[in-house]
Amino acid sequence: MVTVDISQLSGECSTWRESLRSSRDELNNLRKKLQQTAGQHLSKDQLHDVEHLHNQFHIQLINVHDLKQSIKAHDRRVQFETAANSGQLTEDTIAEHERLFEDFQSLDNTIKNLREEFSEFASRTS
C-alpha cells in the first residue's frame, strides 16, 4: 500500500477529462469544417485526404471517449480504495495512474498532429 495525495490524483483525473472534452469538441468542429470542404470541387488526391482525415477524426473521437471512460473508472477506483484502505492505494492503482497519464499525453500529441495535418490540408484547399 502506498500513501499519496488523493486530492492530487483526483484533480489530475478531472483535468485530463476536461481536456479530453475540449479535444472532443475541437475534433467535432474540425470534422464539420472538413465536411464543408468536401462539398467543394476537389482533386482526386484532395478527396483521398478528406477520406483519410475523416477516418482519423472518427478514430481519435473513439480514442478520446475510451480514455475518458478509463480515467473516470480509475478515479472511482482511487476513491473506493481510499475509503476502503484508510487513505492508501495499491501500487497497481498508482501504476495505472501513471499509465493513464502516458496514454493521455500520447493521445494529446496525436490530436495535435492531426490538428496540424488538417490545418495544412485546409490551407491547400482554400
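With the requirement that a residue be more than 13 Å from I71 (Cβ to Cβ), of a type in the set (A, V, I, L, M, F, W, C) and touching a helix residue (DSSP H, G or I) at 6+ places or on another chain (Cβ under 8 Å), what does region 90-107 give you?
Listed by number, the list is empty, since nothing qualifies.
So, of the residues in region 82-109 that are within 14 Å of L9 (Cα to Cα) and of a type in the set (A, V, I, L, M), which turns out to be modelled with the lowest pLDDT?
Step by step, filter region 82-109, then rank; the result is L89.
Only one of L53, L61 is assigned to a helix (DSSP H, G or I) and under 25 Å from F101 (Cβ atoms); which?
Matching residue, one of L53, L61: L61.
Out of the residues in region 30-46 that are at pLDDT 95 or above and of a type in the set (A, V, I, L, M, F, W, C), state the one that is nearest to L107 (Cα to Cα).
Residue satisfying both the conditions and the ranking: L30.
Which one is surrounded by the most Cβ atoms within 10 Å (Cβ to Cβ), of the residues in region 61-117 that are of a type in the set (D, E) and in contact (Cβ under 8 Å) with a residue 60 or more places away in the chain?
So the residue we want is D75.
Given the structure, is R76 among the basic types (K, R) and within 29 Å of S126 (Cα to Cα)?
Against the criterion (among the basic types (K, R) and within 29 Å of S126 (Cα to Cα)), R76 does not qualify.
Consider region 48-81. How many of its residues are modelled with pLDDT under 95 and within 20 Å of R24 (Cα to Cα)?
Number of matching residues: 0.
Does any residue of region 14-34 turn out to be farther than 21 Å from S119 by Cβ and either touching a residue at least 60 places away in the same chain (Cβ under 8 Å) or outside any helix (DSSP H, G or I) (or both)?
Yes, that holds for at least one residue.
Out of curiosity, is L27 at pLDDT 95 or above, aliphatic (A, V, I, L, M), under 17 Å from the mean Cα position of the chain (by Cα) and crowded, with 17+ Cβ neighbours inside 10 Å?
yes
The values are calculated or read from the model by the stated rules, or taken from the named source; none is laboratory data. Source: prediction; values computed, not measured. Glycine gets a Cβ as well: all are built from the backbone with ideal geometry, and neighbour counts include every protein chain shown.
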